[in-house]
1. Would you check if there is a residue in segment A:450-457 being in a helix (DSSP H, G or I) and in contact with a helix residue (DSSP H, G or I) (Cβ under 6 Å, 6 or more places away or on another chain)?
2. Confirm whether B:Ala327 is surrounded by fewer than 22 Cβ atoms within 10 Å (Cβ to Cβ) and hydrophobic (A, V, I, L, M, F, W, C).
3. Just give me the residues in segment A:145-192 being without any contact (Cβ under 8 Å) to a residue 40 or more places away in the chain and farther than 14 Å from A:Gln208 by Cα, in sequence order.
4. Could you tell me whether any residue of segment A:218-228 is at the interface with another protein chain (Cβ under 7 Å from one of its Cβ atoms), assigned to a loop (DSSP other than H, G, I, E, B), modelled with pLDDT under 95 and within 21 Å of the chain's Cα centre (by Cα)?
5. I need a count of the residues in segment A:249-287 that are at the interface with another protein chain (Cβ under 8 Å from one of its Cβ atoms) and exposed (fewer than 13 other Cβ atoms within 10 Å of the Cβ).
6. Which of (1) away from chain B (no Cβ under 14 Å); (2) touching a residue at least 24 places away in the same chain (Cβ under 8 Å) is the odd one out, the single condition A:Ser90 does not satisfy?
7. Do we have B:Asp164 as in contact (Cβ under 8 Å) with a residue 60 or more places away in the chain, away from every other protein chain (no Cβ under 11 Å) and among the acidic types (Asp, Glu) here?
8. Enumerate the helices (runs of 4 or more DSSP H) found wholly within segment B:170-235, keeping only those where 1 or more residues are more than 30 Å from B:Lys74 (Cβ to Cβ) and in contact with a helix residue (DSSP H, G or I) (Cβ under 6 Å, 6 or more places away or on another chain).
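The values are calculated or read from the model by the stated rules, or taken from the named source; none is laboratory data. Values in this document were obtained by computation on a predicted structure and should not be read as measured data. Heads up, the Cβs are rebuilt from the backbone with ideal geometry, glycines too, and the neighbour counts pull from every protein chain shown.
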Amino acid sequence: MEISRRRFIRQAACAALGTSSIASTVWNLRAINAATAQAISAMASGPEFRSLVCLFLYGGNDANNMIVPIDNTTYGVYANARGPLALAQSSLLPLNLVTPDPQGRSFGLHPNMPELQSLFNTDRKLAVMANVGTLVEPTTAAQFLNGTAKLPTQLFSHADQQVEWQTGWADGPRTSGWGGRLADLLTSFNNADTISMSISLNGSNTFQVGNQVSEYQVSTQGPIGLSGFGGTDGAIRYQAVQDLLNLPHQHLFESEFAKITNRAITNNGLLTSALSGVTLNTPFPANSDLSDQLKMIAKIIAVRDALGMRRQIFFCSVTGYDTHSNELTTQNNLLTELSQCMNAFYQATKELGISDRVTLFTASDFSRTFQSNGGGSDHAWGSHALILGDSVKGGDIYGAYPTIAIGGPEDVGEGRWVPTTSVDEYSATLAKWYGVSSPTDLATVLPNIDRFSNPDVGFMNQLPPPT
Amino acid sequence: MSAPDQLRQRVAFALSEIMVISANGNSMFQHPEAMATYWDVLTQDAFGNFRQLLEDVTLNPGMGDFLDMVHNDKPNPKRNTEPNENYAREIMQLFTIGLYQLNQDGSQQLDSGGQPISTYDQDVVEGYSHVFTGWYWYQTGTPTWNSAPADYRHPMLAFPDHHDTGAKTLLNGVTLPAGQSQAQDLQGGLDLIFNHPNVGPFIAQRLIQRLVTSNPSPGYISRVAGVFANNGGGVRGDLKAVVQAILLDPEARNLTGSDSYGHEREPLIRLANLYRAFNASASSGKFVVNNSTFNFGQAALYAPSVFNFFSPFYSQPGAIQSGGLVAPEFQITTDTTVITSANKMRSAVYQQPNANNPDALVLNLSAQTQLASNPAALVDSLNPLLMSGQMSSNMRSIVINAVTQIPAANTLERAQTAVHLIVTSPEFVIEK
């Protein structure tokens with residue numbers, strides 16, 4: 001019964017749109033009648049819901065001190081090469097790998113991340129993606145050093161590398177992000193008159209820019225409405241404000257500004273109404289903007305039914321990872337916050353009973369030089385990322401953890417590791433879990449994916465596609 | 001806000017969004033003197049020579065702290081450390097020349113394969129990171145390289161023992177010879193940047209964007225860059241001449257009739273425009289603007305990073321992007337800030353003197369109140385003051401209609417209503 005109804009919807013959608021190539025992998029539900037819309041709304045809380053949360057660490061997280069080798073031999077090399085940035089061996093939090101490291105190494109987490117250690121070792125819901133970074137094609141350090149590699153545009157530059165992580169297309173145009181292109185494919189899962197499925201808690205970003213779907217930016221305090229229009233005179237002014245916004249604006253910037261303002265007013269109404277019924281008891285860390293962002297994300301996930309949403313993509317971010325100086329203290333604070341906030345968010349999804357349908361992943365400009373500049377480290381390349389949720393095959397390090405050696409096989413200078421997994425492969429693994437399975441659609445989201453060997457790095461338990 | 005040299009202040013603010021320093025998320029939050037000293041540099045040099053500005057910014061202790069030139073040490077093989085690359089990279093990428101070789105009109109030069117040509121590579125960044133070694137906090141008495149308290153008031157102090165004296169590969173393949181003094185390296189390194197042909201178009205494009213329009217024509221950029229290269233008296237980098245060229249250019253003076261000319265007034269500038277237009281004052285004599293980041297998405301000298309509040313290349317997805325245009329200020333024009341900034345502008349308009357808050361900034365609307373009995377005259381008086389006389393007739397009708405509905409006896413409220421509706425309107429927000 002259930003299956004046949006879904007098939008009906010799918011066929012109806014295909015017929016209505018005549019876009020069987022999209023509909024073959026993505027079940028377009030826009031062209032549905034009111035009765036069916038109601039049925040789909042009811043499904044939103046069921047197994048069909050999926051949410052991706054991108055947590056961007058702006059500035060370039062020094063992942064070399066987040067995932068650290070702790071076996072005596074490798075740690076000795078680490079300590080020597082890192083110099084003043086080396087963390088004490090005994091302080092590192094051991095990771096118990098499900099699959100042993102092929103080179104026999106063992107690893108620990110930064111000492112201030114006990115919550116994530118527990119999620120990795122005990123819950124097995126946290127995975128590490130090792131040495132992932134921007135690539136145009138598979139590249140070796142030798143190719144980099146002898147100048148034969150095709151390289152991402154402006155390696156080691158913050159703005160460029162942030163954008164390339166977010167476009168998932170290192171040599172492509174920067175006019176859309178992979179989250180935005182993913183949303184373009186899947187937005188029809190949501191009710192047509194709801195807020196955008198791309199929701200940013202920290203302003204504009206490239207990740208969520210789609211060709212059709214535009215991002216909706218909400219503050220950590222939730223939506224905010226126009227205020228100060230009480231009384232008779234207030235009503236007069238409010239009408240005039242609306243009239244001014246709705247004038248036919250010849251000027252492109254004026255009409256865009258009016259459009260954004262009108263959208264904000266509408267979305268504020270929708271989201272305020274939806275959030276009025278939310279309850280969330282999981283404690284979140286105090287005095288952390290990241291914590292506030294993740295808490296609001298959890299709340300918006302909680303009201304997905306009221307919003308009529310079966311697909312959401314969130315963007316949240318934290319700054320300050322550009323640790324050229326005073327790195328040890330700065331990163332102590334940042335990674336404490338990261339570990340506590342990620343854990344709180346995960347616990348909140350457990351409370352909401354949706355932890356297998358929400359996946360949080362980290363991204364950052366780049367990692368940092370293994371060699372120190374005295375008090376910190378400089379811009380580098382391949383980095384380690386974290387993936388968290390009940391759909392994650394946790395407790396393992398995926399990809400290849402680099403050889404710790406200045407001048408070693410992955411070093412292109414001062415301990416800048418050439419990535420052994422591309423951002424494209426990392427992102428494709430997430431996109432596939434999110435519901436993109438045909439090679440055509442995957443290439444729409446990540447246009448260079450065919451250049452790389454591994455469109456599924458393996459850290460996600462891929463959900464069965466809806467039937 | 002009330003200083004007589006408003007253009008200098010305005011240009012300094014524009015420069016603060018190019019040569020960015022910020023107290024956001026670092027220890028300078030507790031050192032307002034750091035930001036004040038940097039502001040002094042920008043205001044002093046705003047109409048001076050760019051070469052002087054470049055050196056003053058480079059040796060400013062707040063900048064030293066922000067981009068890690070302070071305590072930047074020569075290589076130390078024992079500790080396996082290399083000089084810090086932060087300032088070396090950003091002075092080129094963000095402050096002066098950018099990533100790609102430019103023509104004088106701001107367009108990118110292309111190689112034979114049609115690809116843009118990089119201005120520098122990692123070796124040049126490392127070269128400059130060595131140039132910028134050996135600087136630390138200003139101190140009196142016998143200076144010490146370690147553990148001196150931060151001095152944000154005086155330029156950084158040279159420590160020759162901590163300066164790398166090796167040869168340094170810099171821009172355009174030029175190598176500074178080994179054995180130069182710290183001062184020689186600094187002068188040589190900064191001269192090379194200053195004389196790079198990119199600086200003129202780079203600075204011209206950014207200052208035009210901040211002051212006039214988001215999408216200047218190539219000709220406009222070229223004319224201003226030409227003045228940067230030579231002020232007419234053979235001087236390169238004369239910022240006074242550059243600012244003059246920007247503001248007096250035909251493209252800035254004459255309405256082009258284009259439906260995309262101009263730029264969004266930055267939210268903080270909108271508030272400054274309001275306070276300036278009506279001589280706002282507080283009984284404390286201060287100009288306190290609280291919660292600026294929350295309300296406007298920006299606060300002076302408080303950007304989230306060295307990349308400023310917005311990128312000069314930001315394009316709003318949709319009609320602006322598909323039109324091939326950029327709109328930098330739209331990067332902070334979010335679903336949140338369009339509302340919070342409108343709310344803040346509204347509360348600023350209606351703010352009354354408050355005995356409990358001596359910092360409350362109150363507009364002087366006496367002239368407008370006197371016109372309140374004639375709504376059309378009231379609105380027409382505000383048109384040149386706030387909108388350079390560009391208010392559309394549709395907009396004028398809406399505002400007059402609203403003011404007319406406010407009881408005639410409430411003269412101040414009528415004046416406030418007119419100002420409120422204008423300063424939150426799309427036509428005001430987009431400066432043309």
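1. Here is the first cut: in segment A:450-457, the ones in a helix (DSSP H, G or I) are A:450-451.
Checking which are in contact with a helix residue (DSSP H, G or I) (Cβ under 6 Å, 6 or more places away or on another chain) leaves us with none.
No, there is no match, as no residue in segment A:450-457 is in a helix (DSSP H, G or I) and in contact with a helix residue (DSSP H, G or I) (Cβ under 6 Å, 6 or more places away or on another chain).
2. Working: surrounded by fewer than 22 Cβ atoms within 10 Å (Cβ to Cβ): no; hydrophobic (A, V, I, L, M, F, W, C): yes.
Against the criterion (surrounded by fewer than 22 Cβ atoms within 10 Å (Cβ to Cβ) and hydrophobic (A, V, I, L, M, F, W, C)), B:Ala327 does not qualify.
3. Once the filter is applied, which keeps residues that are without any contact (Cβ under 8 Å) to a residue 40 or more places away in the chain and farther than 14 Å from A:Gln208 by Cα, segment A:145-192 yields A:Asn146, A:Gly147, A:Thr148, A:Ala149, A:Lys150, A:Leu151, A:Pro152, A:Thr153, A:Gln154, A:Ala159, A:Asp160, A:Pro173.
4. yes
5. Adding up the residues that qualify gives 1.
6. If we test A:Ser90 against (1) away from chain B (no Cβ under 14 Å); (2) touching a residue at least 24 places away in the same chain (Cβ under 8 Å), just (2) comes out false.
7. Numbers: in contact (Cβ under 8 Å) with a residue 60 or more places away in the chain: yes; away from every other protein chain (no Cβ under 11 Å): yes; among the acidic types (Asp, Glu): yes.
When the stated conditions are applied, B:Asp164 passes them.
8. Numbers: elements: B:182-194, B:199-211, B:218-229.
Counting at least 1 such residues, we get B:199-211, B:218-229.
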